[in-house]
Amino acid sequence: MNLKSFSPDKIAISGCVLGLISLFPGWFILKPHRLSAGMSVNLPDSAGLALTILVGFLWMSCFVLSFAGKNDLQHAILGITADVILIFVFIFLSMASNNLDVKTHVSARVSPGAGFWLTMLSAYIVIFAAEKKLEDRLIIKNIITWTAPAVFLFFLFTRNLRNFSVVVEFAVQRQRFIQEFLHHIILVAVSVFFGSIIGILLGILAKRSKKARNPVFFITDISQTIPSLALFGLLIAPLSVISFKYPFLREIGIRGIGNAPALIALIIYCLLPVVRNTYSGLAHIDKSVIDAGKGMGMSKMQVFLKIEVPLSAPLVLEGIRISSVQGVGLTAVAALIGAGGLGWFIFQGLGQAAPDMILLGTIPIIILALFTDGVMRMIIKFTANKVKKQKDHNRL
Amino acid sequence: MISLNKITKVYNDKAVVNNFSLEVDRGEMCVLIGPSGCGKTTTLRMINRMIEPTSGEIFIDSRDVKKIKPDLLRRSIGYAIQMVGLFPHMTVAANIAVVPQLLRWEKKKIKNRIDELLILVGLSPAEYSSKYPYQLSGGEAQRIGVARALAANPPILLMDEPFGAVDPLTRTKLQTQFLNIQKELHKTIILITHDLDEAIRMADRIAIMKDGELVQYDTPENILSRPYNQFVYKFVGTDRALKRLSRINISKFIKSAPSVDEDFSMDKVNQACEKCRWVWVTDSKHRLIGWIDRKILSQTTSIKEALVPVSLDEIAVTEGASLKEVLSIMLSSGLRTIPVTDKKGFLIGEIDMSIIERISAESINHYEKS
């Protein structure tokens, strides 16, 4: 083998090592109900020795593949192998779920244990490493990303996971879950929508006026450094005061707690990436291009619409992507000030020391974030196609 | 006609362009040249109101540009810059179509115009229309830049180092091509360059600027032979004699050349050689193939034996050449007299070094007198 092509992927290797280790700790915790401590079960006891060895073998193959060269096919196989491991994890989960004797306890459940979580983590480390190497092979990357969640959803909808603790929790709180899930999405969508509009306008302002630039960046930078919990809290006092002074505000739902402070805080967090990216999107347009546009007789509006907007669009969308993904996570905190959303389950679960309920909030948030990220990346890829190579040819 | 009347532009209390007046006649190419920072780009950009002058007036065809809306003014003036500034998100065709679209031309007319312009700048419409700027070489991009400036057929072109960002070989090609285009289109052009050879080659008149002021405005010949002051004299440089030769076409100086056909009998050749030291030899189609020296003739029995074959590239010049090229070939071939052919190699005449000596002497005398 040529030495140059021999480039071990450190991230993938550490993922594989962690994956092998993760076969040993307890995988599942069987509980009669939400609050009991439960009984820890090892993987060989739960899924059988043969399947455990098979997964171990898969980790070993990943390990070997991590030493592969710069061959896209090998990276793709690495990612798919990690996917297969994830599928096995879900099979084990459904097996454990199906084997559980529910007759004795109606709310008996299987909670995932340390081994389960570690394996998930390791598999995603390997997938991350593989996708990083695959760069712009968008199709295969999407296949690798979405196979495991799809299989999970398949098991979920075929009721194979009905005793999985999160599903049990869901079954108990179905109404509430749907309500909070939709609420979460609405909070994110509304805040990203208004945050993007304000952010884009501020970004344009920062580019156009040198006087405005520093104050705009100062405020957006500072706002980003305030911890989210603090910002939500900080808004309670002024909003309460204002809403008590002007009762009509209370009537339209603006109060110290609830949606109003949550949306304001989320919009503020949304600003920085959008403002920064709009500014750099505009600032990076080759001056000669603008000059040529003006010189040929385009009006200011035409220069803006025909040159500046299309050329800065990929970077602006990138800012919106960062804001949206970040927003999905931040909205979880909004539940603390009574705005609802999936965070409600997390804080209820924390309060009641019920990890299954925390998961009921956390897992959909992660899936939502991944989904938002994927969709936005596709949109960006589509708009950026033509402008992609602009940078290499700035000198023209 | 473009007329700049006592234009001044002040930035931070410093006059970048100072009391500058210039007239460019219709169909003429005026080249603005000067050291960097002399205000040539500022001057150019004031004409299409990209920059507004502090004082002074600019007229285009006797209309004060201040009275025309900037956008409308610019649509009627072609504008090409060194960085080209092609829109990276638009195809070549869309780039060229910008001004026609601003002027609301019909789609079909625009399409035809794009093809016409691409052919004019020597690029195939089928191949280039749908390319993006990042797929073009530097020279191609600059040609598209010129095509885009010409798109709406404006009577005036403003060009800021339009052939600046390419290698010397490509630049010469682009210059030649642009001169041919200009011969056809007769635009009124103001072109900025920092390359004196380019100025001398292209210009009908050269305007030399220094510190925002016009130093000399004259034909290239006169700039070279009668520099107005020490600055111009130095700016033109010590090779002004050579530069002047590059402006002079050989056509006036071609003498008829003694020649024989390769099928001629030895007698005929001897006859032809009586009056001169050598004769050029051509083939049956009158294409130059070599020469015969009289001294060798006595020792040989056939033309083929006496013939010294030549490669046209090495010793001949074509009709359109300048005296500079003639001199260059004379020096490299060691001949004092070289043949002139047309593009296909047909012998037209010959040219002698004495011409170059005479013309160089004239220009030296001019400067010493003044």
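Angle check, please: helix B:353-369 long axis (alpha carbons) against the longest principal axis of chain B (alpha carbons), in degrees 0 to 90, nearest 10.
That works out to roughly 40 degrees.
Using θ = phi - 60° and the Karplus form 6.51 cos²θ - 1.76 cosθ + 1.60, what ³J(HN,Hα) does each residue of segment B:109-117 get, whole Hz, x for Gly and Pro?
Coupling constants for segment B:109-117: 5, 5, 4, 4, 5, 4, 4, 4, 5 Hz.
May I ask you to list the GluC sites (Glu not before Pro) in segment B:92-150 that are in a DSSP loop and have at most 10 other Cβ atoms within 10 Å of their Cβ?
Loop-located and lightly packed - B:106.
Within the set B:295/B:343; B:40/B:131; A:132/A:207; B:111/B:131; A:211/A:245; A:300/B:108, which residue pairs have Cα atoms separated by over 23 Å?
Pairs exceeding 23 Å: B:295/B:343; B:40/B:131; A:132/A:207; A:211/A:245; A:300/B:108.
Given axes a ≥ b ≥ c from the Cα gyration tensor, I'd like to know whether segment A:139-216 is rounded (a/c under 1.5), prolate (a/b larger than b/c) or oblate.
oblate
What's the buried accessible area, both sides, between B and A using a 1.4 Å probe, rounded to 100 Å²? Could the numbers behind the result be given before it?
Working: alone 18940 and 20890 Å², together 37590 Å².
Summed over both sides, the interface buries about 2200 Å².
Amide H to amide H, which residues 5 or more places from residue B:341 or on other chains are under 5 Å from it, using H placed in the peptide plane?
The list, which skips near neighbours in sequence, is B:317, B:318, B:319, B:348.
Which net charge results for the neighbourhood of residue A:304, defined as the other residues with beta-carbon distances under 12 angstrom from its beta-carbon, given Lys and Arg at +1 and Asp and Glu at -1?
On the way: positive: A:207, A:208, A:294, A:300, A:306; negative: A:308.
Spelling it out: positives minus negatives among the neighbours equals +4.
Output the 0 to 90 degree angle, nearest 10, between the alpha-carbon long axis of helix B:168-185 and the longest principal axis computed from the alpha carbons of chain B.
Rounded to the nearest ten degrees, it is 80.
Antiparallel DSSP bridges in the protein assembly as shown: what percent, to the nearest 5? Please list the in-between numbers first.
Working: 41 of 66 bridges.
The antiparallel proportion sits near 60 percent.
Give me the net charge for the shell around residue A:159: Cβ to Cβ below 15 angstrom, other residues only, Lys and Arg +1, Asp and Glu -1.
+3
Compute the accessible area per residue over chain A, keeping the other protein chains in place, probe 1.4 Å, unit Å². Walk me through the numbers on the way to the answer.
Working: 19740 Å² over 396 residues.
Result: 50 Å² per residue.
Would segment A:246-301 count as rounded, prolate or oblate if I go by the C-alpha gyration tensor, calling it rounded below 1.5 in a/c and otherwise prolate when a/b exceeds b/c, oblate otherwise? Write down the numbers at each step before the final one.
Numbers: a/c = 8.74, a/b = 2.75, b/c = 3.17.
Because a/c hits 1.5 or more and a/b fails to exceed b/c, segment A:246-301 counts as oblate.
Once a ≥ b ≥ c are taken as the square roots of the eigenvalues of the Cα gyration tensor of chain A, is the result rounded (a/c under 1.5), prolate (a/b larger than b/c) or oblate (a/b not larger than b/c)?
Oblate.
Could you give the DSSP H helices of chain A that reach 18 angstrom or more along their long axis (alpha carbon positions) and whose average Kyte-Doolittle hydropathy is no lower than 0.0?
The qualifying helices are A:49-65, A:72-99, A:114-134, A:138-157, A:174-208, A:228-245, A:259-283, A:309-334, A:355-384.
How much net charge surrounds residue B:69 when only other residues with a Cβ under 11 Å from its Cβ are counted (Lys, Arg +1; Asp, Glu -1)?
+4
Out of the trypsin sites (Lys or Arg not before Pro) in segment B:266-370, which ones are loop residues according to DSSP with at most 16 other C-beta atoms within 10 Å?
The qualifying sites are B:275, B:277, B:285, B:336, B:343, B:344.
Would you compute, from DSSP H runs of 4+ residues alone, the mean residue ellipticity of chain B at 222 nm, taking -39500 (n - 2.57) per run and dividing by the full residue count, rounded to the nearest 500?
Roughly -11000 deg cm²/dmol at 222 nm, from the helical runs in chain B.
Which listed residue (B:134, B:94, B:145) has the Cα farthest towards the positive end of the charge dipole for segment B:2-237, taking +1 on Lys and Arg C-beta and -1 on Asp and Glu C-beta about the Cα centre?
Comparing the listed Cα positions along the dipole, B:94 ranks first.
The values are calculated or read from the model by the stated rules, or taken from the named source; none is laboratory data. The structure displayed is predicted, hence computed values, not measured ones. Counting neighbours? That spans all protein chains shown, and the Cβs are built from the backbone with ideal geometry, glycine included. Note: areas computed on protein heavy atoms with side chains; ligands, DNA, RNA excluded. Shrake-Rupley method; radii C 1.70, N 1.55, O 1.52, S 1.80 Å.
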